[in-house]
Amino acid sequence: QVQLVESGGGLVQAGGSLRLSCAASGSIFNINTMGWYRQAPGKQRELVARITRGGSTVHAGSVKGRFTISRDNAKNTVDLQMNSLKPEDTAVYFCYAEMTLNAYWGQGTQVTVSS
């Protein structure tokens with residue numbers, strides 16, 4: 001089994017910053033892509049950013065220039081630095097990790113941005 005544990009969510013004012021972290025543990029074999037999705041109330045889950053084992057990144061257009069994803073392959077962790085936060089960034093943020101046969105999800109961490 002693989003467990004993903006997120007941390008770093010919370011309440012912040014618009015324009016502020018938060019850093020989300022996710023650590024994978026358990027029966028880990030060669031994690032390929034790691035990333036972050038988010039889901040706001042009444043909306044579908046959407047990709048925020050993802051990063052390959054080699055370091056190639058994709059950021060959603062809505063967060064490009066404000067959010068930065070990074071990972072540490074040795075520690076099996078992925079971080080999301082979120083700057084210039086907006087109220088529309090309010091959502092539950094989920095970490096995920098893709099391995100050869102399965103994908104795993106964290107339990108989610110709430111990010112609330114007040115105006």
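What a 1.4 Å probe finds exposed on the chain is 48% carbon and sulfur by accessible area, rounded to a whole percent. Evaluating 6.51 cos²θ - 1.76 cosθ + 1.60 at θ = phi - 60° for every residue in region 31-48, the Karplus couplings come out as 5, 7, 9, 10, x, 10, 10, 9, 9, 8, x, x, 10, 6, 5, 10, 5, 9 Hz, glycine and proline recorded as x. Per residue, the accessible area of the chain comes to 52 Å² when a 1.4 Å probe rolls over the protein heavy atoms. If you wrap region 1-52 in the convex hull of its Cα atoms and look at it from every side, the mean projected area works out to 4.9 nm². Put simply, the C-alpha atoms of the chain give a gyration tensor, and the ellipsoid matching it has half-axes of 24, 14, 12 Å, longest first.
Under the convention that each Lys and Arg Cβ holds +1 and each Asp and Glu Cβ holds -1, the size of the dipole of the chain around its Cα centre is about 160 debye.
The values are calculated or read from the model by the stated rules, or taken from the named source; none is laboratory data. Bear in mind the structure is a predicted one, so any value in this text is a computation, not a measurement. A quick note on method: Cβ atoms are made from the backbone with ideal geometry, for glycine too, and the neighbour counts reach across all protein chains shown. Note: accessible area is taken over every heavy atom of the protein model, side chains too, but ligands, DNA and RNA are not part of it. Shrake-Rupley method; radii C 1.70, N 1.55, O 1.52, S 1.80 Å.
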